[in-house]
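First up is the structure itself, then whatever we jot down about it.
The values are calculated or read from the model by the stated rules, or taken from the named source; none is laboratory data. Every value quoted in this text rests on a predicted model; they were computed, and no experiment measured them. Neighbour counts are summed over all protein chains in view; Cβ atoms, including those assigned to glycine, are modelled from backbone coordinates with ideal geometry. Ligands, DNA and RNA are stripped out before the accessible areas are found, and what is left, the full protein with its side chains, is counted by its heavy atoms. Shrake-Rupley method; radii C 1.70, N 1.55, O 1.52, S 1.80 Å.
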Amino acid sequence: MKRINYIIFTSILLIFSCDGFLDEVPQSSLTREQFFQSEADFRSALTATYGELQGLESNLIRFSSLNSDETTPGIFGRNSGDNFLFDDNEYTASNIAFQSFWSNLYDGINQANNIITEGEDITLPVAQQELVDRYVAEAKFLRALYYFFLVTAYGDVPLITEPTTSLENLNVSRSNAEEVYDQIVQDLTEAEPVLEAEYGGD
């Protein structure tokens, strides 16, 4: 009987003590609550937002001048079937270039939205705050640039100015192109007074 009581008592103890034991803190990734705590965090996020420009170069050429007389598929240094399709105006909406272009731009927009939202809510020592304010202005410029690429390529597109933080705001309807241009103008107007005309290499 003692043995059965001991087993029952131990089982109850284990059941009610597992709560905290099973809660794990992620070791391999940062959450929003852990990030955006310092000027360095904002700088890292901004660098990633600029990084989206690297994936855009080939698609910008495809969409803007490859199907004209300005350039040829050889500019890419390889004979890609996709490039010849664009050169001959024989591409379709199912071409992977459209999906990668779209994803690149919205990845950059979401990163910019994170910086803008978090940057407007944080207070840091003056020197760091001035840098973060500049990073927010640069993020607004990048968001405007990415939306410019989107609206000139696709016309009406979803206009998202808040970070995507859950699965709830993934299906966003397209906004009128005029609204997108208004947002572009607003972002550039807000960024201009904060940014210098030029910066040094450092």
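Exposure check, 1.4 Å probe, all protein chains in place: Ser103 carries approximately 40 Å² of accessible surface. Nonpolar atom fraction for segment 103-202, defined as the carbon and sulfur part of the 1.4 Å probe accessible area, stands at 48 percent. Over all other residues within a Cβ to Cβ distance under 15 Å of Glu198, the charged ones net out to -3, with Lys and Arg as +1 and Asp and Glu as -1.
Placing a pseudo-label 7 Å from each Cα along the Cα-to-Cβ vector at Ala197 and Thr165 gives an inter-label distance of 4.0 nm. Amide hydrogen proximity for Ser175: with H placed 1.01 Å from N in the peptide plane, the residues at 5 or more positions away or on another chain lying under 5 Å are Val157, Leu159. Model label points for Asn176 and Ser64, set 7 angstrom from Cα along the Cα-to-Cβ axis, are 2.8 nm apart.
Note on segment 145-190 and segment 46-62: Cα centroid distance 17 Å, given to the nearest whole angstrom. Checking every one of the GluC sites (Glu not before Pro) in segment 96-156 against DSSP loop status and a limit of 10 other Cβ atoms within 10 Å picks out Glu120.
Applying 0.36 nm per residue to the separation of Gln129 and Ser100 and subtracting their alpha-carbon distance, the gain on full extension is 7.0 nm.
Ranking of Asp121, Asp69 by solvent-accessible surface, largest first: Asp69, Asp121 (1.4 Å probe, protein heavy atoms only, all chains present). When the surface is traced with a 1.4 Å probe over the full set of protein chains, Tyr154 keeps roughly 60 Å² accessible.
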